[in-house]
Amino acid sequence: MLSFNDIKNLLQHNRITDFVKLNKLTPRDIANFANRHTQGAVKLFQQLDPTHAARAFKFMRRKKQESIIKALPEEKAAELLNAMKPDDRTAFLEELPGKYVTELLKVLTPENRTETLKLLGYDEGSVGRLMTPDYLAIKENQNCQEVLAAIRQRGQATETLNWLFVIDDKGILIDDINIKDFLVVDPGTRVSQIMDRQFLALNVNDSEKNAINIFRNHSRYALPVTDNNGVLLGIVTLDDVLRLAESEGTREIQKIGGSEALDEPYTTISFGRLIRKRAGWLIILFLGEMLTATAMGHFEGEISKAVVLALFIPLIISSGGNSGSQASSIIIRAMALGEIGFRDAWTVVRKEFSSGLVLGMILGIVGFLRIFLWQEFGWMSYGPHWIEVAITVFFALIGVVLWGTLSGSMLPIVLKKLGADPAASSAPFVATLVDVTGLIIYFTVAFIVMRGTLL
């Protein structure tokens, strides 16, 4: 394996033997080098075979792709774009400004231009943008020998040969067959004899998230894509779905963590963009936390009468925030996997109510024992009314954890129903919400338990 320095050294010369070595680099190695060294990448892509360059180009970050295309001579840019798979080319072009897309479309071959414009015509985020029209379709009246001959003739231009797709005279998909079924039967066997007419297909207007869920639930390398009439339009392959799932998962995790999605690697994002992506949410959360100070000010009298209560404020609100963050993260992930939706809200409420109650009692017992043991062994004195303090902490923890669990689990579902991104109910946001309400619950319980003694 060549190191980045080895690649740089090879690019400094113009020897044919060096160009051969460069074309033996794996697509991933080329992409990793290009993502870190833009200037060297431009020269590298000029020396690479267009087909090999296209394989590497799909693994590069969007901004690096744009930089490379803009820096390459028009002839080389044209070779690269025309060598790309239709779905990869569409994924790249759809991220660019409209004017620049128009310029790049001009360098495509007429066939590729027509194909790309067709794919770009589908809604953003739909399966139509993700599919490739490079597949092998066969007819049911063909025999296996004819199918294998078609594979030898046209197979090189297809995205995958794992699955072959049977269509009728109108182009309607009627079955999909694994290639192994053609390899284990007599060459004279007709396609119709090995068909079961059972197949799984995506609709061209399905969302990309739906495609991810279907691939996740079925062991397939490729799935056909049809229109509303069942006409076969293209296929979606597993490698594209995995790349999309990785991108979606990264965005979700970053949002749950309380920031905007970075949309590019941490190692390459500029300092200014990194600050802008994170500052907005921090300001919102800071303003939310200011309500905590307001709530504490409202209970200033109670705190002054029973200073001991202030000792347990961090314990109470952090327990509520932690339980809310747990529930929020679990529900957001379950929604992303398609396991639950708004229709399951009541089921979630019942389950999380029971969970919150049990978890609150567990923490409440721990809190009660903490006060009892410290008081009993003289490690700390909570005064003559320590038992009331322990009871207050016990019931407050039950209430706060129960509330945190319910709010953390329901907020993502409600936001999804309203059309918002469930990840917006991130763990920090839920924690901030529970901090404020947790104080109200804590001091309300304290007022009830300690009325007539400390309060």
*For Ser318, Ser381, Ser355, what's the fewest-to-most ordering of other Cβ within 10 Å of each Cβ?*
Ser381, Ser318, Ser355
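Quote the FRET efficiency, to the nearest 0.05, computed for Val184 versus Leu117 with a Förster distance R0 of 45 Å and r equal to the Cβ-Cβ distance.
Values: r = 41 Å, r/R0 = 0.92.
After rounding to 0.05, the efficiency reads 0.65.
Arrange Met84, Met450, Met195 by Cβ neighbour counts within 10 Å, fewest through most, would you?
Numbers: Met84 23, Met450 20, Met195 16.
By the 10 Å Cβ count, ascending: Met195, Met450, Met84.
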*Ranked by Cβ crowding within 10 angstrom, fewest neighbours first, how are Thr109, Thr405, Thr116, Thr26 ordered?*
Thr109, Thr26, Thr116, Thr405
_Compactness index (Cα Rg / 2.2 N^0.38 Å), the stretch 137-242_ = 1.07
*Work out from phi, with θ = phi - 60° and the Karplus expression 6.51 cos²θ - 1.76 cosθ + 1.60, the ³J(HN,Hα) of each residue of the stretch 200-206, listed in order in whole Hz, and give x for Gly and Pro.*
10, 9, 9, 8, 4, 9, 4
*Considering Cα pairs under 8 angstrom that are at least six residues apart, work out the relative contact order of the stretch 4-121 and quote it in whole percent.*
21 percent
_the stretch 65-138-the stretch 344-377 distance, computed between alpha-carbon centres (Å)_ = 56 Å
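In the stretch 34-127, what is the volume of the convex hull around the alpha carbon atoms, normalised per residue and reported in Å³?
Details: hull volume 8.6 nm³, N = 94.
Convex hull of Cα atoms, per residue: 91 Å³.
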_Karplus-derived 3J(HN,Hα), 6.51/-1.76/1.60, for each residue of the stretch 63-75, Hz, glycine and proline x_ = 5, 5, 4, 4, 4, 5, 4, 5, 7, 6, x, 4, 4
*So who's got an amide H within less than 5 Å of the one on Leu233, skipping anything under 5 residues away but keeping other chains? H placed 1.01 Å off N, in plane.*
Val225, Thr226, Asp227
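We did not get these values from a lab; they are worked out from the coordinates using the rules stated. Since we're looking at a predicted model, the values are computed, not measured. Backbone-built Cβ (ideal geometry, glycine too); neighbour counts: all protein chains shown.
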